[in-house]
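Undergrad: Attaching a single structure in structure tokens format; questions to follow.
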Amino acid sequence: MKDKKGFTVLELMIVGAFVSLLLVIFFIQKSNIEAMDRDDARKTAINAMYYALEEYYYPKYGYYPSEINEEVLPVIDPELFTDPFGTNLGIDGSSYSYEVANCNDKNQCREFTLRAELEKESVFIKKSKR
């Protein structure tokens, strides 16, 4: 009898199925890690806006602005007003929102709420402390 070298079709199919399974697991985990990174970026941006409002804007003016952007808060990186998918704060579809309350006719507000819609967690919220 001759010695046959090589793999059978069944062996190749089993190895192919195993490699396919590993690839599926890899890409699912990669997607989850990327989503968690985007969530961390959103939290960082909301925290930067929050502390800029509380530590820079309010002490300087004595109220909160009716809207925020890079001109109102020049102390933070302007890129933080853009969510990980490239949509700016205040534009429909942005994962960031800034809501004010108790405003007077000069758009001077006493309270605010910053929100970030996260992919892997519930909504991240920061409210004014004053």
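The values are calculated or read from the model by the stated rules, or taken from the named source; none is laboratory data. On a predicted model such as this, the values are computed, not experimentally measured, just so you know. Positions of Cβ are generated from backbone atoms using ideal geometry, with glycine treated the same way; all protein chains shown enter the neighbour counts. These accessible areas exclude ligands, DNA and RNA; they are computed on the full protein's heavy atoms, side chains included. Shrake-Rupley method; radii C 1.70, N 1.55, O 1.52, S 1.80 Å.
Here's the yes/no breakdown for (1) more than 15 Å from the chain's Cα centre (by Cα); (2) part of a loop (DSSP other than H, G, I, E, B):
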position: Pro84; (1), (2): no, yes
position: Tyr98; (1), (2): no, no
position: Ala101; (1), (2): yes, no
position: Arg110; (1), (2): yes, no
position: Thr113; (1), (2): yes, no
position: Glu121; (1), (2): no, yes
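Undergrad: So, one more: Identify the single condition in (1) in contact with a helix residue (DSSP H, G or I) (Cβ under 7 Å, 6 or more places away or on another chain); (2) open to solvent by 50 Å² or more (accessible area, probe 1.4 Å); (3) not small (Gly, Ala, Ser) that Val100 does not satisfy, given that it satisfies every other one.
TA: Failed condition: (1).
Undergrad: Could you please let me know if Lys106 is over 25 Å from Asp37 (Cβ atoms), free of Cβ contacts under 8 Å to residues at least 60 places away in the same chain, under 20 Å from the mean Cα position of the chain (by Cα) and surrounded by fewer than 17 Cβ atoms within 10 Å (Cβ to Cβ)? So that I can check it myself, show each step before the final result.
TA: Values: over 25 Å from Asp37 (Cβ atoms): yes; free of Cβ contacts under 8 Å to residues at least 60 places away in the same chain: yes; under 20 Å from the mean Cα position of the chain (by Cα): no; surrounded by fewer than 17 Cβ atoms within 10 Å (Cβ to Cβ): yes.
Judged against the criteria, Lys106 is not a match.
Undergrad: In the range 51-60, is there at least one residue being hydrophobic (A, V, I, L, M, F, W, C) and assigned to a loop (DSSP other than H, G, I, E, B)? Full working, then the answer.
TA: Looking only at the range 51-60, we keep the residues that are hydrophobic (A, V, I, L, M, F, W, C), and these are 52-53.
When the remaining residues are screened for being assigned to a loop (DSSP other than H, G, I, E, B), the result is none.
No, the range 51-60 has no match at all.
Undergrad: Still on this model: Would you check if Glu70 is of a type outside the set (Phe, Trp, Tyr) and surrounded by 14 or more Cβ atoms within 10 Å (Cβ to Cβ)?
TA: When the stated conditions are applied, Glu70 passes them.
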